[in-house]
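Structure first, then comments.
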Amino acid sequence: MKNSRRSFIRLSASSAALLGLPFKQLISYDRALQEADRLTRDRPSNATHVKNLQLNPIPKVKVGFIGLGNRGQNHVHLVDALYPKAEIVSLCDIQSKKLDEAKKLIENQVIPSPDYSNDASAWRDMLDNEELDLVIISTPWNSHVEMAVHAMENGIHVAVEVPIALTIDDCWKLVDTAEKYRTHCMMLENVCYGREELWLLNMVKHGIFGEITHGEGAYIHDLKSLLFSKSYYYDYWRLRHHQTTDANLYPTHGLGPIAQYMDIGKGDRMQKLVSMSSVSKSLDDYARHVEADHPFRDTSNFAHGDINTTMIQTERGRSIVLKHDVVTPRPYSRINALGGTHGYHEGYPSRLALRDNSNGHRWLDEKALNEMRNKYNHPIWNELKEPITKYGGHGGMDFVQMYRLIDCLNRGVALDMNVYDAVDWSVVVPLSKLSIELGNIPISIPDFRRGQWQEKVDWNIMK
């Protein structure tokens, strides 16, 4: 792996020849490798880095929303709960009924008017016409980048649902735009605010795990009934991705917390990945049993394998394993495993083993585990106990996330996560696709921070 990119391409082409690939196919494969090399090269910047962007305080954040489905309505509810720290200024969704549903959630402030709906470009009109400090984007994945870029070009900060981008070029576009216009661009990775995840992060900070060596994360969630639902995902947009793309389509819930445990972007970086998928069977099987008039009835040959596994190695030699499985009938899990020289944690259910406890051969008993939880529970979960209980959202992580986003803007301090974190974690989607298409080969991960990752600093949520 010390070979240069160009040497690696020649090596791969030679390997293909040894495998007996026809000359025509060999040329095609070599060209594909060269294209992969082009796509993953680092790119120069003509703007200032925004890794610790601090701007003027915004005492009352004026917020607009694009996308008012399940996630969007939840965000409306939470921003309303934070009034007067934030004010809801405008709502936009292609379906007018979603605006009506969202308005019913607004209890603490004036319901905004006019509506932006019933037109595929209504979001653009909202961004051009309304005075906004922040827009929250909760739309289908392939629309995230266009909306986020247009908002930043208008001087509006953006918070975007996961994943923030689906292509390598779009990842760079987000970075370049955020740097050029000096705007915040944060991905709404709510799992980074989970009680268990912040507990682990706090233990990492206090050295409980020693030197971190390995992490495992996942998105394991049987979504078949929702993917085929006529109402849950507008126009079946998420199912359509499974028709066309074999990749880890949803890496950030598992990767985000691990990246924070490992200080990715703050002392280490992800260097390369390898990805492979199992055969695709479950969606074909499910399609045979939906109602007769369903548009995906008897659809077969879904591109996405049932289970995707992606392995990542960091610059410092640490390893990460990510799994994506939304079709197998098994309990929900994000795995949330973390290993180091002094301890090991594994989630679902949460278990902790420490070197000083029976040399790590047994999990801590319930009493000892609870003592560790109480001792290293992140203080924000104690400070916000009452509103977390009242407003919740995925066990409270959604409220903590929204509180931190608005509070940081109120105070004019850097956000907990920035545009570089957003693209680092999201680029796993196109890179895993590329690895699979080229026969599960290692793929370089671009350095979106352009070298600004080597200094070890705390995550803002830990300050």
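Output the qualifying pairs, or none if there are none: Cβ atoms under 7 angstrom, residues six or more apart or on different chains, first residue in the range 152-167 and free of Cβ contacts under 8 Å to residues at least 12 places away in the same chain, second residue basic (Lys, Arg) and open to solvent by 10 Å² or more (accessible area, probe 1.4 Å).
Matching pairs, first to second residue: none at all.
Of the residues that make up the range 239-248, is at least one of a type in the set (Asp, Glu), touching a strand residue (DSSP E or B) at 6+ places or on another chain (Cβ under 7 Å) and within 21 Å of VAL191 (Cβ to Cβ)?
No.
Report the residue count in the range 146-176 for those that are touching a strand residue (DSSP E or B) at 6+ places or on another chain (Cβ under 8 Å) and either among the small types (Gly, Ala, Ser) or open to solvent by less than 10 Å² (accessible area, probe 1.4 Å) (or both).
Here the count works out to 11.
Which one of these does ASP119 not meet: (1) part of a loop (DSSP other than H, G, I, E, B); (2) of a type in the set (D, E, K, R); (3) within 24 Å of LEU249 (Cα to Cα)?
(3)
From the list VAL145, VAL149, exactly one residue is in a helix (DSSP H, G or I) and touching an Asp or Glu at 6+ places or on another chain (Cβ under 8 Å). Which is it?
VAL145
Go through ASN336, ASN374, ASN357, ASN382 for me and flag whichever is closer than 30 Å to VAL79 by Cα, among the polar types (S, T, N, Q) and surrounded by 12 or more Cβ atoms within 10 Å (Cβ to Cβ).
Sole residue among the options that is closer than 30 Å to VAL79 by Cα, among the polar types (S, T, N, Q) and surrounded by 12 or more Cβ atoms within 10 Å (Cβ to Cβ): ASN336.
Restricting to the range 435-457, count the residues that are within 18 Å of ASP37 (Cβ to Cβ) and either out of contact with any Asp or Glu (no Cβ under 9 Å at 6 or more places or on another chain) or among the acidic types (Asp, Glu) (or both).
9
I'd like the residue in the range 13-67 that is open to solvent by less than 70 Å² (accessible area, probe 1.4 Å) and β-branched (Val, Ile, Thr) and, out of all such residues, is modelled with the lowest pLDDT.
ILE27
When the residues of the range 435-450 are filtered to those that are in a loop (DSSP other than H, G, I, E, B) and charged (D, E, K, R), which remaining residue is most open to solvent (accessible area, probe 1.4 Å)?
Looking at residues that are in a loop (DSSP other than H, G, I, E, B) and charged (D, E, K, R), I get ARG450.
Do any helices (runs of 4 or more DSSP H) entirely within the range 233-294 hold 3 or more residues that are open to solvent by 10 Å² or more (accessible area, probe 1.4 Å) and closer than 25 Å to ASN142 by Cβ, and if so, which?
237-244, 282-287
Residues LEU200, LEU226: which one is open to solvent by less than 10 Å² (accessible area, probe 1.4 Å), part of a helix (DSSP H, G or I), modelled with pLDDT of 95 or more and not acidic (Asp, Glu)?
None of the other options fit; the residue is LEU200.
Of the residues ARG124, ARG182, ARG195, which single one is surrounded by fewer than 19 Cβ atoms within 10 Å (Cβ to Cβ), within 21 Å of the chain's Cα centre (by Cα) and not polar (S, T, N, Q)?
Exactly one residue qualifies, and that residue is ARG195.
Do any residues in the range 423-441 that are of a type in the set (S, T, N, Q) have Cβ atoms under 7 Å from those of residues that are at pLDDT 95 or above and in a helix (DSSP H, G or I), where the two are at least six apart or on different chains, and which pairs are they?
Within 7 Å, the pairs are SER426/CYS171; SER426/THR252.
I want to confirm something. Restricting to the range 68-86 and keeping residues that are among the hydrophobic types (A, V, I, L, M, F, W, C) and in a helix (DSSP H, G or I), which single residue is surrounded by the fewest Cβ atoms within 10 Å (Cβ to Cβ)?
Checked the range 68-86; the qualifying residue surrounded by the fewest Cβ atoms within 10 Å (Cβ to Cβ) is ALA81.
Go through LEU322, LEU364, LEU352 for me and flag whichever is in contact (Cβ under 8 Å) with a residue 24 or more places away in the chain and surrounded by 17 or more Cβ atoms within 10 Å (Cβ to Cβ).
Checking each option against the conditions leaves just LEU322.
Restricting to the range 87-129, what's the tally of residues that are in contact with a strand residue (DSSP E or B) (Cβ under 8 Å, 6 or more places away or on another chain), of a type in the set (S, T, N, Q) and closer than 23 Å to ALA148 by Cβ?
Final tally of qualifying residues: 3.
Quick one: MET270 ticks every box in (1) touching a helix residue (DSSP H, G or I) at 6+ places or on another chain (Cβ under 8 Å); (2) of a type outside the set (Val, Ile, Thr); (3) free of Cβ contacts under 8 Å to residues at least 40 places away in the same chain bar one, so which box is it?
Status for MET270: all satisfied but (3).
Go through the range 451-463 and report how many residues are in a loop (DSSP other than H, G, I, E, B) and either out of contact with any Lys or Arg (no Cβ under 9 Å at 6 or more places or on another chain) or of a type outside the set (Phe, Trp, Tyr) (or both).
8
Suppose we filter VAL400, VAL427 for residues that are open to solvent by less than 10 Å² (accessible area, probe 1.4 Å) and closer than 14 Å to MET187 by Cα; which single one remains?
Answer to the check: VAL427.
The values are calculated or read from the model by the stated rules, or taken from the named source; none is laboratory data. These numbers were taken from a predicted model, which means no experiment stands behind them. Cβ sites come from the backbone with ideal geometry, for glycine too, and all protein chains shown count toward neighbours. Please note that ligands, DNA and RNA were not included when accessible areas were found on the heavy atoms of the full protein model with its side chains. Shrake-Rupley method; radii C 1.70, N 1.55, O 1.52, S 1.80 Å.
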